Amino acid sequence: MEKKLERLLLNLFLYDYTKNNSYTYLSQLGVITIKSLIPMKEEVAVRIDYKRFVEEFRLWLSYRNGGNSSLLNAEGKINSVAYWEEEDNSILSRIIPIILANQNYEVIQEEIIKNILFTTGNLTTLFQWLAISSLLHETAFNKSNNNLLDTLKEVVIGFSQADYMKKYEKYYRANIKDYKGNFSVEFEREKIHLLNILNGIKNNRYSNLIDLLNVLDKKEPQTMIGEIFCGFIYDLDIEYNLPKFYINLGDYIINLRKSRIDPEQLKIEKYILPDIFDQKEGEIFFHSLLKEAKVIKKEVKNNVLTSLIQTRTGMYLFKK
């Protein structure tokens, strides 16, 4: 089981590199999500420390390899139109660590909803990734594939709008009054669209979920989620020719899940966050997120200042 769980995370990194010939923002956001996870003392749960996540996210904006409009909208003043309308394709890389680090689906759902709402309030995105997270959890942890759809339907039917809003409205980063349309009506409409998919009525929504269902039905995967999931559920013989850093993340997340890591070791009591671009070439400095780091090269080209930083976990190219 441990190896199977690790495989799901490693499939993400392998797919990203193979498809793009580099580790893009998908892998990068997966990494900062993992770095922000912390075991709870008062409950059996591993949750995201949002102070850490926000600081990691701000740092990522300077070394990011790619991105999308939802991610870029998440820093600074939120554009409410983009927040409500744009879908975020980076969510898979952020929910996989949450699923693998936890055994309790209630905790998983809570953390996934909060993390989705950090970048987008789009209802299609919310319902699609909640459905995918439920399928991934059910498949990963001791469930029979024969009952997956029935279990998921129960989850969707029991997803009360009133309970949801009471619990999560405070996590929305744009005012619901700015929502174009009737939020309550469209929430229920989206729920019906999802149930239609699960009942075999196709529509043009939820391409990732449909592909995941096709994989479970042993059809050929068509999207990123399908390819990552296919290699996970069917134990495909995959050679993980990945840097040791990424392999170690698989071990680390299993240790988080098994409560083998003391949360005190992960907490940052005082954030020391010097401006990367103030550091001189050849200088060694300490940064709470990068730890000990060294400026390898610094230059200005085409009005872009770059700083190549070496850390224990690898090289980062910062730009502004």
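Residue 201 fails exactly one of the following numbered conditions: (1) closer than 24 Å to residue 102 by Cα; (2) of a type in the set (A, V, I, L, M, F, W, C); (3) surrounded by fewer than 17 Cβ atoms within 10 Å (Cβ to Cβ). What is the number of that condition?
Here residue 201 meets the rest and fails (1).
Taking the conditions exactly as written (more than 17 Å from residue 8 (Cβ to Cβ) and in contact with a Lys or Arg (Cβ under 7 Å, 6 or more places away or on another chain)), does residue 192 satisfy them or not?
no
When you scan the stretch 33-45, do you find a residue that is assigned by TED's automatic domain parsing to the domain that holds residue 252, closer than 30 Å to residue 179 by Cβ and either of a type in the set (A, V, I, L, M, F, W, C) or in a loop (DSSP other than H, G, I, E, B) (or both), even just one?
no
When you scan the stretch 284-315, how many residues do you find that are modelled with pLDDT under 95 and either small (Gly, Ala, Ser) or assigned by TED's automatic domain parsing to the domain that holds residue 243 (or both)?
Residues that pass the stated criteria total 1.
Could you please find all residues in the stretch 205-257 being modelled with pLDDT of 90 or more, not in a helix (DSSP H, G or I) and not hydroxyl-bearing (Ser, Thr, Tyr)?
242, 243
In the stretch 68-92, what count of residues is obtained for those that are in a helix (DSSP H, G or I), crowded, with 16+ Cβ neighbours inside 10 Å and among the β-branched types (Val, Ile, Thr)?
Residues meeting the conditions: 1.
Has the stretch 28-50 got any residue that is under 18 Å from residue 137 (Cβ atoms) and among the small types (Gly, Ala, Ser)?
Yes.
If you scan the stretch 50-67, which residues turn out to be in contact (Cβ under 8 Å) with a residue 40 or more places away in the chain and part of a loop (DSSP other than H, G, I, E, B)?
If the condition is that a residue be in contact (Cβ under 8 Å) with a residue 40 or more places away in the chain and part of a loop (DSSP other than H, G, I, E, B), then 65, 66, 67 are the ones that fit.
Report, by residue number, each residue of the stretch 182-198 that is out of contact with any helix residue (DSSP H, G or I) (no Cβ under 8 Å at 6 or more places or on another chain), polar (S, T, N, Q) and within 19 Å of residue 158 (Cβ to Cβ).
The one that is out of contact with any helix residue (DSSP H, G or I) (no Cβ under 8 Å at 6 or more places or on another chain), polar (S, T, N, Q) and within 19 Å of residue 158 (Cβ to Cβ): 196.
A quick yes/no check of all residues on (1) under 18 Å from residue 129 (Cβ atoms); (2) assigned to a helix (DSSP H, G or I):
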| residue | (1), (2) |
| --- | --- |
| 152 | yes, yes |
| 156 | yes, yes |
| 177 | no, yes |
| 200 | no, no |
| 203 | yes, no |
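Can you name the residue in the stretch 20-53 that is of a type in the set (Gly, Ala, Ser) and more than 15 Å from the chain's Cα centre (by Cα) and, of all such residues, is nearest to residue 106 (Cα to Cα)?
Going through the qualifying residues, I end up with 45.
If residue 233 satisfies all but one of (1) more than 28 Å from residue 8 (Cα to Cα); (2) surrounded by 16 or more Cβ atoms within 10 Å (Cβ to Cβ); (3) among the β-branched types (Val, Ile, Thr), what's the number of the condition it fails?
All conditions are met except number (1).
The values are calculated or read from the model by the stated rules, or taken from the named source; none is laboratory data. Predicted model, so just to flag it, every value in this text is computed and none were measured. As a convention, Cβ positions derive from the backbone with ideal geometry for all residues, glycine included, and neighbour counts pool all protein chains shown.
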